[in-house]
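The values are calculated or read from the model by the stated rules, or taken from the named source; none is laboratory data. The model shown is predicted, which means the values in this text are computed figures rather than measured ones. Please note: Cβ atoms are built from the backbone with ideal geometry, for glycine as well, and neighbour counts cover all protein chains shown. The accessibility values were calculated without ligands, DNA or RNA, using every heavy atom of the protein model including side chains. Shrake-Rupley method; radii C 1.70, N 1.55, O 1.52, S 1.80 Å.
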Amino acid sequence: MSTGQRRFQGIAAAPGIRMGRAVTVHRKYDSVDRRELEEHEVESELARFDRAVQEALHDLSMVQQRIAADMGEDTAHIFRAHQAVLEDPEVVDVTKARIRKERQNAEYLFNDVMHGWITHLSAIQNPFFRERTADFEDIRHRVLEKLSGVTGPGRESFSESVILVAHALSPSDTADIDRRWVCGFVTDVGGPTSHTAIVARGLGLPAVVGVSDAARQIPDGTLLIIDGNTGTVYADPDSDTLRRFEEAQARLSVYETELRTLVHLPAVTPDGHNVELGANIELPEEVESALRHGVDGIGLYRTEFQFLLDHALPTEEEQYKHYRTIAQKMAPRPVIIRTLDLGADKLPALETPEDNPALGFRGIRLCLGRPEMFKTQLRAILRASVEGNLRIMFPMISGLEELRQAMTVIRELQEDLDREETAYDRGIPIGIMIEVPSAALTASDLAQEVDFFSIGTNDLIQYTVAVDRGNAQVSSLYDPFHPAVLHLISGVVKAAHEKKIWVGVCGAMAGDPVSACVLLGLGVDELSMSAIDIPSIKKFVRSTSYADMQDIARAVAKLPTSNAIREYLRSRGLA
Ligand code: PEP
Ligand code: MG
């Protein structure tokens, strides 16, 4: 029975607009019973636990194969990380040792081990790690399901379009659904970069996350409209919302058809200005998706994610293979490999307590402080450079001396490779991220000694306006259109062009058409973004004259506040 329309606002995690009946998913294992074992029961308990782990691994590999076939390897790799958790001695061996020692049931001890990990990961400041707790939750539920012999959520059968509503959905729940009927996801928790969001995007289904109390407030069977572009969910929509839904769906399908036709066309404005569009990737498997979205190259490969997923520092050979694969798949297109941007906020293995990790021992500072780790990575990149068109980029450079130290390490490695007669690209371009205000203000000197700049607006904004980019309490102050930010970007572009080097942007501003308009108008040569944003930015570039973009940027540069800037952009039909 309808109770009148209700509207829930969350975070837009995967685009699309769909309608369906709510199926609320309540997970069962918030607490797990404890049972003491007799001595003679221990061996059979260990065998029962082993079986559950093997069955969970088998299910995960089936999900992985299905996802690889349907959505490509780049999405399927998520489940490799899940399997790695169940192959990790810290999880399985520790549980078994505790079953032997403490003589308690497998459910109880496995649950306790997993809770320890989940608490540890959720305490880490970096959102990537916090969101990985969903992987551990997923594994916890899968194994507990196997131990108790019940089926997981979303795997029951449906006969009409449904939208899954849950407190949290694990990535494999998201991937393992009945795709004939499930047409969207709504969750109380989660962020836009969670694996659940990535899988939903890969499946082409809308997802809204972070709707604080949806699972309790939306009863089973409620008619829902989910708008994954704006992060809005309508329960029991009224006739006006239903009409707008139908209109929006019709518009969206025309727009998506149009975007698909752009994939193989260049990003060139109607007045002939060419823009390079690159993809940001975190893992080698994402290259296929980048190519499918019609990119000119990889503008940012965040190599630290490989380190994070593998739970250990990869060897030179392992890294070499990753870089070689990417270079070969992308050739002759360029691939910018950013050297490790790790810090206490990201990698527990390197963690030393720091009050301000964002201002601490991270990025190039950590690499220069741990030269063996840095050299291993640089040797791997240099060796792979003969296989394609690789470029090296240093993160978090704050000034000329730091840059020179990094360059010295490269020169020494090149001499070593010369002595060993190992081939590498002698002309490999070397660039830096401009994401620290001190680098932006000394860009003119830095530009003399590098081949390119890529402006990291995510960090540049946080350091310029002194706002932690992950802190929701101050997020309203995190403002890409703060005049100080635009002023710094404009200065960096001028400094780069005076020294005849190109300058790109690889922060999130690059993937937003309104910001991209201002950036291009300021003279930025390249934009690098999530692959999924490429088609809409290409469409924007192909339909807006460069003269207009320059005109807009000139006007914006004169305005004193971001409100005035946004208002002006709106008056020009943007925003
Ligand atoms: C940036 O800071 O804008 C950037 C692209 O790097 P990351 O988001 O990895 O810090
Ligand atoms: Mg950064």
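Points to keep in mind about this one:
- Most to least accessible of Thr230, Thr222 (protein chains only, probe 1.4 Å): Thr230, Thr222
- Neighbourhood net charge (10 Å Cβ-Cβ; Lys/Arg +1, Asp/Glu -1) for Pro266: 0
- Both the radius of gyration and Dmax for the range 270-571 are 18.9, 62 Å, in that order, over alpha-carbon atoms.
- Accessible area per residue for the range 511-572 is 40 Å², calculated with a 1.4 Å probe on protein heavy atoms, without ligands, DNA or RNA.
- Rounded, prolate or oblate (a/c below 1.5 giving rounded, otherwise prolate when a/b exceeds b/c) for the range 448-575 by Cα gyration tensor: rounded
- Estimated D of the range 39-148 in µm² per second, where Rh is the Kirkwood radius over Cα pairs and Stokes-Einstein applies at 10 °C, 1.306 mPa s: 108 µm²/s
- In terms of packing, defined here as the mean over residues of other Cβ atoms within 10 angstrom, the peptides 232-243, 443-454, 294-305 line up highest first as 294-305, 443-454, 232-243.
- Per residue, the accessible area of the range 383-462 comes to 38 Å² when a 1.4 Å probe rolls over the protein heavy atoms.
- Kyte-Doolittle at least -0.5, axis length at least 20 Å by Cα - qualifying DSSP helices, the chain: 42-71, 73-87, 106-122, 483-498
- By average C-beta atoms within 10 angstrom, highest first, the peptides 508-520, 44-56: 508-520, 44-56
- Assuming charge only on the beta carbon of Lys and Arg (+1) and of Asp and Glu (-1), the dipole of the chain about its Cα centre is about 1380 debye to the nearest 20.
- Solvent exposure of the range 39-148, expressed per residue, is 43 Å² of accessible area, with all protein chains present and a 1.4 angstrom probe.
- Computed log10 I(q)/I(0) for the range 506-550 at 0.18, 0.21, 0.23 Å⁻¹: -0.43, -0.59, -0.71, from the Debye equation with unit scatterers placed on every C-alpha and solvent omitted.
- For the chain, the carbon plus sulfur part of the accessible surface works out to 50%, probe radius 1.4 Å.
- Principal axis dimensions, largest first and in whole angstrom, of the chain by Cα: 76, 68, 42
- Pairs from Lys96/Lys375; Lys329/Lys375; Lys321/Lys538 whose Cα-Cα separation, in the structure shown, is over 27 Å: Lys96/Lys375; Lys321/Lys538
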